[in-house]
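Here is the structure we will look at.
The values are calculated or read from the model by the stated rules, or taken from the named source; none is laboratory data. Small disclaimer: the values here were computed from a predicted structure and weren't measured. Here the Cβ is made from the backbone with ideal geometry for all residues, glycine too, and neighbour counts use every protein chain on show.
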Amino acid sequence: MTVDGTSLLMDPGPGALVRLVRCGDAPGGVDAIETVLLSHLHPDHSGDLVALLFALHSPLPASEAPLRLFGPPGLARLLDQLRGIYGSWLHPRKRRLDVTEVRPGDVLPLGEGGASAAPFAVSHAQDRLSEVALGWRFRDAAGRSLVYSGDTGDCPGLREAALGCDLLVLECSTTDEWDVPGHLNPTQAGAVCAAASPGRVVLTHQYPNAAALDLSALVGRQFAGPVEQARDGDVYTVSATPRKEPA
Ligand SMILES: [Zn+2]
């Protein structure tokens, strides 16, 4: 993801690095990665941290820029425990590692122009390493906003953060027949969209049984705005025309 020229790698789950390079968004490979944001510490959102740090341990990457990691409380402990297994293999050879644990309500400036990233609390139980799962709201200097739900059930924090955003990247993990706490099915996702009224919705984090469905149509039963079902390699751009936030 790029916000006003700041490149961000969000939730590097397994395979994220390979897909990032394949999609052409990181022509410098791992050298292009300077900031990584995590929503929570489940392996499907953080597994490629090991691959990234091991790649940076190799002598091949040239960048000497610090690698900045931001994530929920418990991130430092996760890294400590991974180092307990892998030791020096996870030490970047040329780059300093800056790890920052963030909490709901924090606001991270992105660059000098006024863009920001702000974590918010979502409903997704964490029973080890961390008790906090986050969504992220991004805002550029022109006021355009993208909200990433992370993994979550329907909750006030998500509805509030997503209210009137330009693009809502919303998890839709399950089918209506298989309700999983801490995740959304199409009916629940539709209710969130109807309440938050985003300019556009992209549905992501689809389990295989959900991915086989026409999720856009199912969410569209409750939400009249544009809804798309994300596929690997898709690229989305937030509209150049900022929407007015609802009163
Ligand atoms: Zn999760």
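Observations on the model:
- Looking across 220, 225, one residue alone is over 20 Å from residue 122 (Cβ atoms), touching a helix residue (DSSP H, G or I) at 6+ places or on another chain (Cβ under 9 Å) and surrounded by fewer than 17 Cβ atoms within 10 Å (Cβ to Cβ). It is 225.
- Number of residues in segment 1-39 that are among the acidic types (Asp, Glu), away from the ligand (no atom under 16 Å from the Cβ) and closer than 21 Å to residue 138 by Cβ: the value is 3.
- Scanning segment 40-70 for residues that are more than 16 Å from the ligand (Cβ to nearest atom), closer than 30 Å to residue 105 by Cβ and not basic (Lys, Arg), we see that the one that is surrounded by the most Cβ atoms within 10 Å (Cβ to Cβ) is 69.
Let's see how each residue does on (1) away from the ligand (no atom under 16 Å from the Cβ); (2) crowded, with 24+ Cβ neighbours inside 10 Å; (3) under 19 Å from the mean Cα position of the chain (by Cα); (4) closer than 20 Å to residue 230 by Cα:
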position	(1), (2), (3), (4)
147	yes, yes, yes, yes
154	no, no, yes, yes
164	yes, no, yes, no
171	no, yes, yes, yes
183	no, no, yes, yes
191	yes, no, no, yes
195	yes, no, no, no
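- Of all residues making up segment 121-136, the number that are of a type outside the set (A, V, I, L, M), surrounded by 21 or more Cβ atoms within 10 Å (Cβ to Cβ) and either in a strand (DSSP E or B) or more than 12 Å from the ligand (Cβ to nearest atom) (or both): 2
- Criterion violated by residue 112 - all others in (1) closer than 24 Å to residue 65 by Cβ; (2) modelled with pLDDT of 95 or more; (3) not assigned by TED's automatic domain parsing to the domain that holds residue 34 satisfied: (2)
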